[in-house]
Structure formats: C-alpha cells, structure tokens
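Reading through the structure tokens given below for one structure.
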Amino acid sequence: MPRKLIQYSTQLIDNNDIKAVTSALKSPYLTQGPKVAEFESKVARYCGVNYSVAMNSGTSALHGACFAAGIKKGDEVITSPITFVASANCILYCGGTPVFADVDEDTALISAEQIKEKITPRTKAIIPVDYAGHPCDMDEIRRIAKKNDLFVIEDAAHSMGAAYNGKKVGSLADMTILSFHAVKHITTGEGGMVLTNNKDLYDNLIKFRTHGITRNVSGDGPWYYEMQDLGYNYRLTDIQCALGISQLKKLDTFIKIRRRIAAAYKAKLSDLKEISLPTERTNVRSSYHLYPVRLKSRRSIANKREIFQSLRSAGIGVNVHYIPVPLQPYYRNKFGYKTGDFPAAEAFYQSEISLPIHQKMTSDDISFVISAVKRMLKKYS
Ligand SMILES: *Cc1c(COP(=O)(O)O)cnc(C)c1O
C-alpha cells in the first residue's frame, strides 16, 4: 500500500470547528452578521493591534492595504522576489509599479540594503514579506521607511503568531495583512485581514471592502448611503468568520506543533552535509508556515528535480517556495526582468525544497520524513 502523501501544509478541522460553522448556518445571518466583528476583534486582540478589517482573501487584504496607502499610477512599491505573486500583484491592481529588492542569503527575506538601493522619488511603500513565518528586520525597515516617508505594509500571510523583539506580528508596520487560506496557520477556507493602529486607514479599508460605500453620512433620510471611492465586494461571510473564531482558539497549539516539528528536523537533519536548514534570528520567534531547506552541493542542486521527484514518490509532499516573482512570464514581458537580475533570490530558488510542516503531522510522519530525506540525500553527497 503506498503511504498517504504528507502534504507540505494543510488545515486541521475538528468537531468544534464543524459545530461553529453549523450554528452559523442556522443563524439569521450568513454574511455581514455579528461573527465578522467578533472574529475581527479577537484577531486584533491576539495580534496586539487596535483595528482589523476581515476580507475574503489575503490577496484582497493586500489590495485594500495598497489602496488605503494611496498607491496609484506612477507610484513605485518595493517588495521581495521570494514570495507568492499576490504580494506584487496588489501593487499592479492599484496602477503602481512593483520594484523588487533582492533577499538576504541566509533567510530569503528582503534585504534592507537592497531596499535602500531601490528607493527613488517615486517610491511610496514597502511590502516586506515574512517568508516561511520568520518576521523581516522590521526595526530597520521602519527606519528606512520613516526616513523616506514610505508606508510599510507587512505581508504576514506566513507569520501569524510569530514575534519580533518579543512583540507579536500585527503592529510592526502601518498595515499588516494575514491570509486564512487552508494552508496557512488558521483557516476560513479563503479569507484574509488587514491589521492597523491607524483609524484613517481603518475607515478607508472598511469602505473599500464594500464597494467604497459608507453609511456614516447624513443625507436624504435614514436609508442614505454614499459611494465615495471605487471599492469592491471583498467581504468575508459569517460562516467563514465562525470557523475563524473556532480556529483561532487553537492557533497557539498549532504554532507549538509547528515549532516542535522544526526542532525535530533541526535535531535530526542539521549534521547532513547535503542541505542547510532555515535559520531563526535570536530576536525572532518564527511561526514556521514553511520549513525551507536548501541543497548545498553543486551536484545536489543540479539534481533537484530528481530529489524532489523521489521525495514525492516516497509520499512526502515537498514543494518549492518560490519561483522568483519577477521571473514569471507576466513580469518578464511587462517589465523586462531577466535571469540574473536577482542573484540571491535565484540561487535560493534553485536550491530550495520545502519539507512538510503542519499541525496534523504525527510523530510517525516526522520520523518518516527525516529518514526519507536522509536516505535520498546520501546519493548526492
Ligand atoms: C497565501 C499568501 C498570500 C495571499 O493569500 P490568499 O489568502 O491566498 O489570497 C499573500 N502573500 C503570501 C506570501 C502568501 O503566502
């Protein structure tokens, strides 16, 4: 019998989650009811931030954050090449121009030095991405932003519950976005949120999520509302927020499990000559959305496809995060990016493989991954 594939990440839904969703389905509201505000305030409290706006995906949340930051045609926004395409696409949605700053070799996080080099008079914002769950160097990024009068939008799709200098991710930037996609720490199926401590940004985000409409105006009568901006329907349903509230109760446990798996990998794989393991800076507590290992020898990098395939055949759902965004055909064609433009990101991509790490893995799964990785890599030392 072939073993069931151990996915690189997956959701864990229990009976309490199912009960929460069932009761939302039986309530008078399927959407725009009380569960939305409850989920928003509970996430805000967890992340240590004053305001939060739930949206129907992390991508919508990024779009909203760029809109609230006032990104428009002619503006440049700096982000990382090692991320999911959404971190850069949100800039394009607003008519802005994404500018990529290469990453630091060891963490694959956007390099503060590279950000400085990419700043022009047109730069309006920075979108650092907490790749794999490890917060970026936010003190340094905030310092650069302050000096150059830029917004910071932290893409924390990977880093909910992570900490930087003892402070939870959520209040380290002007706006922080979360994703509740099924592979992320907690899920609402699809879903996202923008966190901020700024009331004006919050007001704009609330309007943006509902067509640019507000009811906080007086006019012809009690029915009156105004459409003040071109917004979207980016609302998250009560059904999904009920699931989110239930999932949030388990977030700390989920992160604990992810960190335990990372510790097991570190204990058992760190003396392998063929790979290097992800680093965790001393002032950071990663929430390990991913466990990205890097092949080290030229021989193993040249054989990455074969190593990847053999791990997959063994039932290990390895993945690769990410193909550098500027090297996607759309970005190459539109902006003329080419191989060689982002040496650190490209070297990272060529050597990276994500090992499974998620709350559903058993100790048997963990040992299975460890021994398969050891066995496969022996051939390439
Ligand atoms: C998942 C993800 C997003 C987008 O989130 P969705 O909820 O899937 O729209 C954005 N940025 C990063 C880095 C992600 O991993």
Once fully extended, how much extra length lies between Arg215 and Asp271, figured as 0.36 nm per residue of separation less the alpha-carbon to alpha-carbon distance?
14.1 nm
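Grab the DSSP H runs of the chain that are 4 residues or longer, score each as -39,500 (n - 2.57), total them, divide by all residues and round the 222 nm result to the nearest 500 deg cm²/dmol.
-12000 deg cm²/dmol
Efficiency by 1/(1 + (r/R0)^6): what FRET value for Leu5 and Asn50, r their Cβ-Cβ distance, R0 = 30 Å, to the nearest 0.05? Don't skip to the end; give the middle numbers.
Values: r = 42 Å, r/R0 = 1.39.
Computed FRET efficiency for Leu5 and Asn50: 0.10.
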Enter the angle in degrees (range 0 to 90, nearest 10) between the Cα long axis of helix 304-313 and the first principal axis of the Cα atoms of the chain, meaning the one along which they spread out most.
80
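Just want the ordering: Arg260, Arg122, from fewest to most Cβ atoms lying within 10 Å of their own Cβ. Show your work: numbers first, answer last.
On the way: Arg260 15, Arg122 12.
Ordered from fewest to most neighbouring Cβ atoms within 10 Å, Arg260, Arg122 come out as Arg122, Arg260.
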Lysine pair count for the range 287-380 [Cα-Cα under 17 Å; pairs on different chains or 8 or more apart]:
7
Extension gain, Glu113 back to Thr279 (0.36 nm per residue minus Cα-Cα distance, nm):
57.8 nm
In sequence order, calculated HN-Hα J values of the range 71-76 (Karplus, 6.51, -1.76, 1.60; Hz; x Gly/Pro)
5, 8, 3, x, 7, 10
Under a Cβ-only charge scheme (Lys and Arg +1, Asp and Glu -1), can you give me the dipole magnitude of the chain about the Cα centre, in debye to the nearest 20?
1280
Report the label-to-label distance for Ser297 and Tyr225 in nanometres (one decimal), using points 7 Å from each Cα along the Cα→Cβ vector.
6.4
Just need the relative contact order of the chain here, percent rounded to a whole number, with Cα pairs under 8 Å and 6+ apart.
23
Arranged by the count of other C-beta atoms within 10 angstrom, fewest first, what order do His181, His358 take?
His181, His358
When a footprinting reagent is the concern and you count Cβ atoms within 10 Å, what order do Ser23, Ser171 take, fewest first?
Ser23, Ser171
Placing +1 on the Cβ of each Lys and Arg and -1 on the Cβ of each Asp and Glu in the range 11-248, which of Gly133, Tyr234, Ala65 has its Cα farthest towards the positive end of the resulting dipole?
Tyr234
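Taken together, the values in this text are just the output of simple stated rules run on the coordinates, not laboratory data. Please read these numbers as outputs of a predicted model, since none were measured by experiment. In this analysis, Cβ positions are derived from the backbone assuming ideal geometry, glycine residues included, and neighbour counts consider all displayed protein chains.
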